[in-house]
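Working notes for the structure below.
All of the numbers you see were taken from the coordinates with simple rules; none came from a lab. Please read all numbers here as calculations on a predicted model, not as lab measurements. In this analysis, Cβ positions are derived from the backbone assuming ideal geometry, glycine residues included, and neighbour counts consider all displayed protein chains.
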Amino acid sequence: MNTSDKKTVIYVVGPTASGKTGLSIALAKELSATVICGDSMQIYKDMPIATAAPTNEEKQDVPHLMFEFLSPEESFSVSQYVNLAKKNISQLHSDGVLPMVVGGTGLYISSLSENILFGEETYDQGFRIKLEERMNQSGLASLYTELEKIDPESAAKISENDAKRILRALEVYYLTGETMTQRIINSRLEGEIYNNVFIGVTYKDREKLYERINKRVDLMVENGLVLEAEKYFGQGYKTSAQAIGHKELFPFFDGTASLEECIEHLKMQTRRYAKRQLTWFNKNKNIHWIYMDEEEDPLYRALEFIKARVR
């Protein structure tokens, strides 16, 4: 499929607290676009403070899809995200509406934009338990050595201490007969199906971004983050336990750290997360970066770039 034959999808990406929400809503109003969630945490409801999901006031009547629709106890895989996003994008294109995917979850964004094709979910609880028992008895190093023999390419990309990914790679091989490396190759055979137009939002001066993160955390605490996190303390929900903004406060609830210590830890972890987001997105050379501390009119610059690439 030639690029000129592909329908356009706009992506507004970047690190947390960079200003994606404000710019994306301004863009959506100018382009009559509908926003689709590209954040792995903002898909969950009842966690609006920790996830910084856009409020109704912030949305300014711009249609938003796939935000806050899942309960925190539910899991949601990358493949489920891609399939649902594609359905929404297809419907919007059919209605003559421009889709705009907004978020900072690099894996979701790249899997959707690169048209990664996922096979059927391969998971066998009994087999996973056996792998975990082997790990506990023989040690993770022995499983890593096994993976090196089976799939050296995957092993080279996985830390020998990353139990989750080592177990997953072995699980895929033994359940499907296909290595994770081959699975990834097969997933990319069809190529991109959209005319992907990327806008990145960040700050040239990294310290300014970190200042915004620190201020955002303070505001989250003022807005009730502690009470929100306390609801999930001890619940065992994997989703909430993964959410930056909740798990950092759990030591306060169990009495092992002060609230001030937890808040400072939260700020540090959020800054680290922003750094990881930038590392991921910087691999994508198609992103047109808007530096909020240098552009006098970020909206104009973004519109200028988009209009040059939307056919």
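Could you give the length gained by full extension between R128 and E294, i.e. 0.36 nm per residue of separation minus their alpha carbon distance, to one decimal place? Present the calculation step by step, with values, prior to reporting the outcome.
Working: separation 166, 0.36 × 166 = 59.76 nm, distance 5.01 nm.
Extending this stretch completely gives an extra 54.7 nm.
Would you grab the residues whose amide H sits under 5 Å from the one on L65? Only those 5+ places off in sequence or on another chain, please, with H modelled 1.01 Å from N.
Residues meeting the amide H criterion: V35, I36, C37.
Would you calculate, for the chain, the mean residue ellipticity at 222 nm contributed by helices, counting each DSSP H stretch of 4 or more residues as -39,500 (n - 2.57) and dividing by all residues, to the nearest 500? Don't skip to the end; give the middle numbers.
On the way: 16 runs with 167 residues, N = 311.
Taken over the chain, the calculation gives -16000 deg cm²/dmol.
Which pairs, out of K247/K267; K86/K285; K20/K157; K86/K275, put more than 20 Å between their alpha-carbon atoms? Before the final figure, lay out each step's value.
On the way: K247/K267 12 Å; K86/K285 23 Å; K20/K157 31 Å; K86/K275 28 Å.
Those over the limit are K86/K285; K20/K157; K86/K275.
May I ask you to order 133-144, 79-90 by the average number of other C-beta atoms within 10 Å around their residues, highest value first? The partial results should precede the final answer.
Working: 133-144: 13.7, 79-90: 16.8.
Sorting 133-144, 79-90 by mean packing, highest first, produces 79-90, 133-144.
Can you compute the equivalent ellipsoid semi-axes for region 56-141, i.e. the square root of 5 times each eigenvalue of the Cα gyration tensor, sorted largest first and rounded to whole Å?
Values: eigenvalues 258, 50, 29 Å².
Over the Cα atoms of region 56-141, the ellipsoid semi-axes are 36, 16, 12 Å.
With +1 on each Lys and Arg Cβ and -1 on each Asp and Glu Cβ, how big is the dipole of the chain about its Cα centre, in debye rounded to the nearest 20? Write out the running numbers ahead of the final one.
Values: 38 positive and 45 negative charges, 161 e Å.
Computed charge dipole of the chain: roughly 780 debye.
List, in order, the whole-Hz ³J(HN,Hα) value for each residue of region 195-211 obtained from phi through the Karplus relation with A = 6.51, B = -1.76, C = 1.60 and θ = phi - 60°; use x for Gly and Pro.
In residue order, the calculated couplings are 7, 7, 10, 9, 10, x, 10, 7, 10, 5, 8, 4, 5, 5, 5, 5, 4 Hz.
Students often forget the sequence filter, so: which lysines lie under 18 Å Cα-Cα from K87 once same-chain residues fewer than 8 apart are removed?
Straight-line reach from K87, under 18 Å: K6, K7.
Contact order normalised by length for the chain, with contacts defined as Cα pairs under 8 Å and 6 or more residues apart; what percent is it?
Working: 428 pairs, mean separation 84.9, N = 311.
For the chain, the relative contact order is 27 percent.
I'd like to know how region 125-187 sits against the 2.2 N^0.38 Å rule of thumb: what's its Cα Rg over that expected value? Can you show the working numbers first?
Values: Rg = 11.0 Å, N = 63, 2.2 N^0.38 = 10.6 Å.
Ratio of Cα Rg to 2.2 N^0.38 Å: 1.04.
In whole Å, what are the extents of region 208-311 along the principal axes defined by its C-alpha atoms, from largest to smallest?
Result, largest extent first: 55, 27, 22 Å.
May I ask you to evaluate 6.51 cos²θ - 1.76 cosθ + 1.60, the Karplus curve with θ = phi - 60°, for each residue of region 9-15 and list the ³J(HN,Hα) values in order in whole Hz, giving x for glycine and proline?
10, 8, 10, 10, 10, x, x
Could you work out the percent of alpha carbon pairs in the chain separated by over 28 Å, rounded to a whole number? List each step's numbers first, then the result.
Numbers: 22558 of 48205 pairs.
Above the 28 Å cut-off, the chain has 47 percent of its Cα pairs.
Taking the dipole about the Cα centre of the chain, with the C-beta of Lys and Arg at +1 and of Asp and Glu at -1, give me whichever of I213, S258, W280 is farthest to the positive side.
W280
With springs only between Cα atoms under 10 Å, which of A17, A33, A257 fluctuates most in a Gaussian network model of the chain?
Maximum fluctuation in the GNM of the chain, among the listed residues, is at A257.
Taking the chain as a Gaussian network, Cα atoms linked when under 10 Å apart, which of D218, D39, D61 shows the biggest mean-square fluctuation?
D61
Non-local amide H neighbours of L98 (under 5 Å, H modeled in plane, Pro and chain starts lacking H): which ones?
It is T34, by chain and number.
From the backbone phi of region 104-113, what are the Karplus-calculated ³J(HN,Hα) couplings (6.51 cos²θ - 1.76 cosθ + 1.60, θ = phi - 60°) in whole Hz, Gly and Pro given as x?
x, 8, x, 5, 5, 4, 5, 5, 6, 5
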